[in-house]
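K.L.:
Have a look at the structure that comes next, please.
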Amino acid sequence: MEESAGRLKEAMLYKKLSDTTVQCHLCHRYCVIKNGERGNCFVRKNIDGKLYSLVYGKAVAWNVEPIEKKPFYHFLPGSVAFSFSTVGCNFHCLNCQNWSISQPEGIWGEDLPPEQIVALAEQYNAQGIAYTYTEPTVFFEYAYDTANLSYQKNLYNVFVTNGYMTPETIEKMEKIDASRIDLKSMDDKFYVKVCGDAHVEHVLDSIKRLHKKQHIEIIALIIPTLNDSDDEIRQMVKWIRDNTNRDVPLHFIAYYPAHTMRLPPTPKDMLRRAREIAIEEGLNYVYTGNIPGDPGENTYCPNCGSLVIQRYGFQIIKMNITKDAKCQECGHKLNIIMDLGNYRKMRND
């Protein structure tokens, strides 16, 4: 039985509404859950008036990968992350590439408690842990305990997230060093239709809150006919520029047909056009993904234009950057985290 005592963990963020009804405060769905029922994410259940995570310590997928695959281009470039997830998600995207684990019919996974996740990361010489593949917000208790342990071991912690967590959840993310956040569209109708009755305003709020708290990078999946117009891309870029700053990295990546969506793949020129618009509007670090060898994979100094990090796919070919994250040509300070210890000290000051 998936609700067996050994696999349950009482939720961190919920409120009792009555003896038998609770409200989850983990994400912006704020699910009201009656006794015996589950939340929208499928992996949190009300059992006799208490909310429990059904996936604590149940890793459904794990791997050791370059941090660039997440993609993080400005957080400890060239490092390796132990990546893992559970089943479940609070979005139900029509184009989800991991739909078999994000939209599960049951609870399953390998028994890997936080201590073992950290031990595996050390065993495989990973420099940090990435909470990814599905939405880490829905397995927050598992991520929270793992992050506390890995932080003590000087391993970094990064979230790969849709940004739908509540302010209360963000307050609990002290040990999460960085977040890569999806900004799928600036159109609320897109979020309602494509993501399963979600709303963009909550994602935008999370981006602003997380930006004040930690290093962030933003990813925009460009889907032909749905969010690919010059006007929408320009609107997105201006919002990022005006509500975070010009140094926040923005990644435009290509869509491919998956799950129930059958639109044609994103043309490469569409990604390049999006990058041009973002640079025109003043963003300093803009990337094109899924085009190995494209100049849009590389990092250039916003001051002198020099190539500071050359990439091919998820590999770093060349780095022309000092240990304190300055351009070797002109000495300009770059928004790139090169030293975890110094970064954590700066965050805590």
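The values are calculated or read from the model by the stated rules, or taken from the named source; none is laboratory data. Since the structure is predicted, the reported quantities are computational estimates derived from the model, not experimental observations. Quick reminder, even Gly has a Cβ in these numbers, built from the backbone with ideal geometry, and neighbours come from all protein chains shown. Just the protein is used for accessible areas: all its heavy atoms, side chains included, with ligands, DNA and RNA removed. Shrake-Rupley method; radii C 1.70, N 1.55, O 1.52, S 1.80 Å.
K.L.:
Just how large is the dipole of region 158-272 about the Cα centre, in debye to the nearest 20, putting +1 at every Lys and Arg Cβ and -1 at every Asp and Glu Cβ? Kindly include the intermediate steps, with their values, before the conclusion.
P.N.:
Working: 17 positive and 18 negative charges, 46 e Å.
Around 220 debye, computed over region 158-272.
K.L.:
Using amide H atoms built 1.01 Å from N in the peptide plane, name the residues 5+ places from residue 27, or on other chains, whose amide H lies under 5 Å from its own.
P.N.:
Under 5 Å from the amide H of residue 27: 166.
K.L.:
While we're here: Could you give the radius of gyration (one decimal) and Dmax (whole number) of the Cα atoms in region 192-311, in Å?
P.N.:
14.7, 45
K.L.:
Can you tell me how much longer the chain between residue 323 and residue 269 gets when fully stretched, taken as 0.36 nm per residue apart minus their C-alpha distance, in nm with one decimal? Provide the component values of the computation, followed by the final result.
P.N.:
Values: separation 54, 0.36 × 54 = 19.44 nm, distance 3.47 nm.
Answer, rounded to one decimal: 16.0 nm.
K.L.:
Using the alpha carbon gyration tensor of region 54-103, what are the three equivalent-ellipsoid semi-axes (square root of 5 times each eigenvalue), largest first, in whole Å? Mind showing how you got there, number by number?
P.N.:
Details: eigenvalues 110, 44, 14 Å².
Ellipsoid semi-axes (Å, largest first): 23, 15, 8.
K.L.:
Based only on Cα atoms, what Rg/Rh ratio does the chain have, Rh being taken as Kirkwood's radius?
P.N.:
Numbers: Rg = 19.9 Å, Rh = 20.7 Å.
Dividing the radius of gyration by the Kirkwood radius yields 0.96.
K.L.:
Whole angstrom only: what separates the Cα centroid of region 20-84 from the Cα centroid of region 280-318?
P.N.:
32
K.L.:
Let me ask something additional. With a cut-off of 8 Å between alpha carbons and a minimum separation of six or more residues, what is the relative contact order of the chain in percent?
P.N.:
Values: 739 pairs, mean separation 44.4, N = 349.
Computed value for the chain: 13 percent relative contact order.
K.L.:
While we're here: Can you find, among 343, 151, 224, the residue farthest towards the positive end of the dipole of the chain? Put +1 on the C-beta of Lys and Arg, -1 on that of Asp and Glu.
P.N.:
Ranked along the dipole, the leading option is 343.
K.L.:
How charged is the neighbourhood of residue 116? Take every other residue with its Cβ under 14 Å from the Cβ of residue 116, and add Lys/Arg as +1 and Asp/Glu as -1.
P.N.:
Working: positive: 58, 153; negative: 110, 111, 115, 122, 145.
Result for the local shell: -3.
K.L.:
Moving on. Restricting to bridges with both residues inside region 199-295, how much of the DSSP beta-bridge set is antiparallel, in percent to the nearest 5?
P.N.:
Values: 1 of 9 bridges.
Once the DSSP bridges in region 199-295 are tallied, antiparallel ones form about 10 percent.
K.L.:
I would also like to ask the following. If you place +1 on the Cβ of every Lys and Arg and -1 on the Cβ of every Asp and Glu, how big does the dipole about the Cα centre of the chain come out, in debye to the nearest 20? List each step's numbers first, then the result.
P.N.:
Values: 41 positive and 43 negative charges, 70 e Å.
Magnitude of the dipole: close to 340 debye.
K.L.:
Hey, for a label at residue 100 modelled as a point 7 Å past Cα toward Cβ, could you say which residues of region 47-61 have their backbone N under 20 Å away?
P.N.:
Those under the cut-off are 58-61.
K.L.:
Another question, if that's okay. First check a/c for region 63-137, with a ≥ b ≥ c the square roots of the eigenvalues of its C-alpha gyration tensor; if it is under 1.5, answer rounded, and if not, answer prolate when a/b is larger than b/c or oblate otherwise.
P.N.:
oblate
K.L.:
While we're on this one: Nearest 5 percent is fine: what portion of the DSSP beta bridges confined to the chain is antiparallel? Walk me through the numbers on the way to the answer.
P.N.:
Numbers: 31 of 57 bridges.
DSSP beta bridges in the chain are roughly 55 percent antiparallel.
K.L.:
Let me ask something additional. Need one value: the accessible area of residue 322 in square angstrom, 1.4 angstrom probe, rounded to the nearest 10.
P.N.:
Answer for residue 322: close to 40 Å² accessible.
K.L.:
To the nearest 20 debye, what charge dipole does region 183-243 have about its Cα centre, counting +1 at the Cβ of each Lys and Arg and -1 at the Cβ of each Asp and Glu?
P.N.:
Working: 10 positive and 11 negative charges, 70 e Å.
Dipole magnitude for region 183-243 comes out near 340 debye.
K.L.:
Something else: Spin-label point model (7 Å from Cα, Cβ direction): what's the residue 189 to residue 332 distance in nm?
P.N.:
Each label point lies 7 Å from its Cα, and together they span 3.9 nm.
K.L.:
Ordering 165, 319, 346 by how much accessible area each has at a 1.4 Å probe, largest first, what is the list? Before the final figure, lay out each step's value.
P.N.:
Working: 165 0, 319 65, 346 120 Å².
Sorted by accessible area, descending: 346, 319, 165.
K.L.:
Per the Cauchy relation, a quarter of the hull surface: what is the mean projected area of the convex hull of the alpha carbons in region 127-197, in nm²?
P.N.:
Numbers: hull surface 20.4 nm².
That works out to 5.1 nm², a quarter of the Cα hull's surface.
K.L.:
Between helix 140-152 and the chain, what is the angle of the helix's C-alpha long axis to the longest principal axis, kept within 0 to 90° and rounded to the nearest 10?
P.N.:
Roughly 60 degrees, rounded to the nearest 10.
K.L.:
Just to be sure I understand: with springs between alpha-carbon atoms less than 10 Å apart, which residue in 17, 155, 204 has the highest mean-square fluctuation in the Gaussian network model of the chain?
P.N.:
17
K.L.:
Further, regarding this structure: If you roll a 1.4 Å probe over the chain with all protein chains in place, what percent of the accessible area is carbon or sulfur?
P.N.:
Details: 7030 of 14790 Å².
In the chain, the share of accessible area belonging to carbon and sulfur is 48 percent.
K.L.:
A follow-up question, please. Give the long-range amide H neighbours of residue 308: residues separated by 5 or more places, or on another chain, with amide H under 5 Å away, using H modelled in the peptide plane at 1.01 Å from N.
P.N.:
Those qualifying (amide H under 5 Å, at least 5 residues apart or on another chain) are 299, 300, 301.
K.L.:
Given the whole protein assembly as supplied and a 1.4 Å probe, what does the accessible area of residue 58 come to in Å², nearest 10?
P.N.:
Probe radius 1.4 Å; accessible area of residue 58 about 10 Å².
K.L.:
Can you tally the lysine pairs in region 174-285 where the Cα-Cα distance is under 19 Å and the two residues are eight or more apart, or on different chains?
P.N.:
9
K.L.:
Same structure, new question: Net charge near residue 298, counting Lys/Arg +1 and Asp/Glu -1 over other residues with Cβ under 10 Å of its Cβ? Before the final figure, lay out the partial values.
P.N.:
On the way: positive: 311, 318; negative: 294, 297.
So the surrounding residues net to 0.
K.L.:
Taking θ = phi - 60°, what integer Hz values does the Karplus form 6.51 cos²θ - 1.76 cosθ + 1.60 yield along region 234-243, in sequence order, with x for Gly and Pro?
P.N.:
Ordered by residue, 3J(HN,Hα) equals 5, 4, 4, 4, 4, 5, 4, 4, 8, 10 Hz.
K.L.:
At 222 nm, what helix-only mean residue ellipticity would the chain give, in deg cm²/dmol to the nearest 500, using -39500 (n - 2.57) for each DSSP H run of four or more?
P.N.:
Details: 9 runs with 89 residues, N = 349.
Computed ellipticity for the chain at 222 nm equals -7500 deg cm²/dmol.
K.L.:
Find the accessible area per residue for region 92-244; the probe is 1.4 Å, ligands and nucleic acids are left out, and the unit is Å². Walk me through the intermediate numbers first.
P.N.:
Working: 5920 Å² over 153 residues.
Per residue, region 92-244 has an accessible area of 39 Å².
K.L.:
Could I ask something else about it? So how tilted is helix 268-280 from the main axis of the chain? Cα-based, degrees 0 to 90, rounded to 10.
P.N.:
That helix lies at roughly 70 degrees to the long axis.
K.L.:
How large is Rg/Rh for region 1-157, to two decimals, with Cα atoms and a Kirkwood Rh?
P.N.:
Working: Rg = 15.9 Å, Rh = 16.1 Å.
With Rh from the inverse mean 1/r over Cα pairs, Rg/Rh is 0.99.
K.L.:
Here's another thing I want to ask about it. Among DSSP bridges having both ends in region 230-349, what percentage is antiparallel? Round to the nearest 5. The partial results should precede the final answer.
P.N.:
Values: 9 of 12 bridges.
Restricted to region 230-349, the bridges split so that about 75 percent are antiparallel.
K.L.:
Compare the Cα positions of 28, 94, 47 along the charge dipole of region 1-107 (+1 at Cβ of Lys, Arg; -1 at Cβ of Asp, Glu; about the Cα centre) and return the one farthest towards the positive end.
P.N.:
So the residue furthest toward the plus end is 28.
K.L.:
By how many nm would the segment from residue 10 to residue 213 grow when fully extended, if each residue of separation counts as 0.36 nm and the alpha-carbon distance is taken off?
P.N.:
On the way: separation 203, 0.36 × 203 = 73.08 nm, distance 2.65 nm.
The residue 10-residue 213 span can extend by a further 70.4 nm.
K.L.:
Can you classify region 261-349 as rounded, prolate or oblate using the Cα gyration tensor, where a ≥ b ≥ c are the square roots of its eigenvalues, rounded means a/c under 1.5, and otherwise it's prolate if a/b beats b/c and oblate if not?
P.N.:
On the way: a/c = 1.98, a/b = 1.78, b/c = 1.11.
Prolate.
K.L.:
Residue 312 versus residue 239, label points 7 Å from Cα toward the beta carbon: distance in nm?
P.N.:
3.7
K.L.:
Considering only 306, 206, 18, give the residue with the highest GNM mean-square fluctuation for the chain, with springs between Cα atoms whenever their separation is below 10 Å.
P.N.:
Most flexible of the set in this elastic network: 18.
K.L.:
I need the phi-derived Karplus couplings for region 12-17: 6.51 cos²θ - 1.76 cosθ + 1.60, θ = phi - 60°, integer Hz, Gly and Pro marked x.
P.N.:
The phi angles translate into 7, 10, 7, 10, 7, 9 Hz.
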